[in-house]
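To start, the structure itself, in structure tokens.
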Amino acid sequence: MPRHTFSFSPEFLDTLRKRIRRAFQEVEIDRFSQEPSYTSAILSKLHGIEIASKSGEYIKLEATDIADRGQGSAEYRYGADLAITATVSDGTKKVRKAILFQVKAAPIGSLPNSTLKGLKQQIRKMKRVVNAPKVAGIRKIDGWGMFEISSGNRIVEDQNFTKFDFPEYFNQRVITTLDGETDERIVNAVQESSLRKLDVLLNKGGTFKKLSE
């Protein structure tokens, strides 16, 4: 069971769903020939989304575009393309959590085996830092795109997986606090593109230690 249980009004969830969906609709996917540039454009729209209700329901999104250039890049070290940090409150409880994502330029179900092999390696790297890494496949819709979110754990274990459009993923898995790393040290460390602060949380010899253990 999650350590935090939150509930929100249908009106608040609908507002969040529409605001996230609009962020994707504002980016014309055909203007970007490569996944990293498209992802960066999406993150610029998601970063800073902030919604509050009169009853105290609240969410704020922060986006980190993880550096991906070179063998020593943050993506190479940790397997993630981006991190989303969500500050969530239902009016009585508040939590700040981070989720790591690896992005692929096609729906996950259409990826060839060669790509899946590399994806699984990236998921394993993310799992050294967070318990529930996510994969975002890009689905094209009438000139704009949408992230389809799936469980990295289920993909790496060759299990059947569910796909959520990004707005629904937030409403069903993030804002309810089912998904997301709440260890304050990890959350703070993924706020910069280089992830150098995350490096200091490594054990000697380059192995990762679960900070919650």
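Here are some notes:
- Note on the chain: dipole from Cβ charges, positive end direction compared against SER37, LEU13, GLN71; the farthest Cα belongs to GLN71.
- Flagged links, alpha-carbon separation over 25 Å, of LYS125/LYS163; LYS54/LYS140; LYS94/LYS125: LYS54/LYS140; LYS94/LYS125
- Rg over Rh, two decimals, region 4-55 (C-alpha only, Kirkwood Rh): 1.11
- The local environment of ARG19, defined by Cβ-Cβ distances under 12 Å, has a net charge of +3 under the rule Lys, Arg +1 and Asp, Glu -1.
- Counting only Cβ charges, +1 for Lys and Arg and -1 for Asp and Glu, the dipole size of the chain around its Cα centre is about 580 debye.
- Over region 10-199, relative contact order from alpha-carbon pairs under 8 Å, at least 6 apart, %: 22 percent
- Annotation for region 137-205: trypsin sites (Lys or Arg not before Pro) lying in DSSP loop with at most 14 further Cβ atoms inside 10 Å of their Cβ are LYS204.
- Using θ = phi - 60° in the Karplus curve 6.51 cos²θ - 1.76 cosθ + 1.60, the 3J(HN,Hα) couplings for region 64-79 round to 10, 8, 6, 4, 10, 9, x, 5, x, 5, 4, 5, 4, 6, 10, x Hz; x is entered for Gly and Pro.
- Toward the positive end of the charge dipole of the chain, with +1 on the Cβ of Lys and Arg and -1 on the Cβ of Asp and Glu, the farthest Cα among PHE24, THR182, PHE101 is that of THR182.
- Note: relative contact order over region 1-78, using C-alpha pairs below 8 Å and six or more positions apart, is 21 percent.
- Placed amide H near ASP165: partners under 5 Å, 5+ positions off or other chain: ILE149
- Sequence-ordered 3J(HN,Hα) estimates for region 83-91 from the Karplus curve with 6.51, -1.76 and 1.60 and θ = phi - 60° stand at 10, 10, 10, 10, 9, 10, 9, 9, x Hz, glycine and proline given as x.
- Alpha carbon centroid spacing (whole Å) that separates region 86-121 from region 30-74: 12 Å
Here, each number is a calculation from the coordinates, and none is a lab measurement. Because the structure is predicted, anything quoted here is derived from the model rather than measured. Using ideal geometry, Cβ is built from the backbone for each residue, glycine included, and neighbour counts are taken over all protein chains shown.
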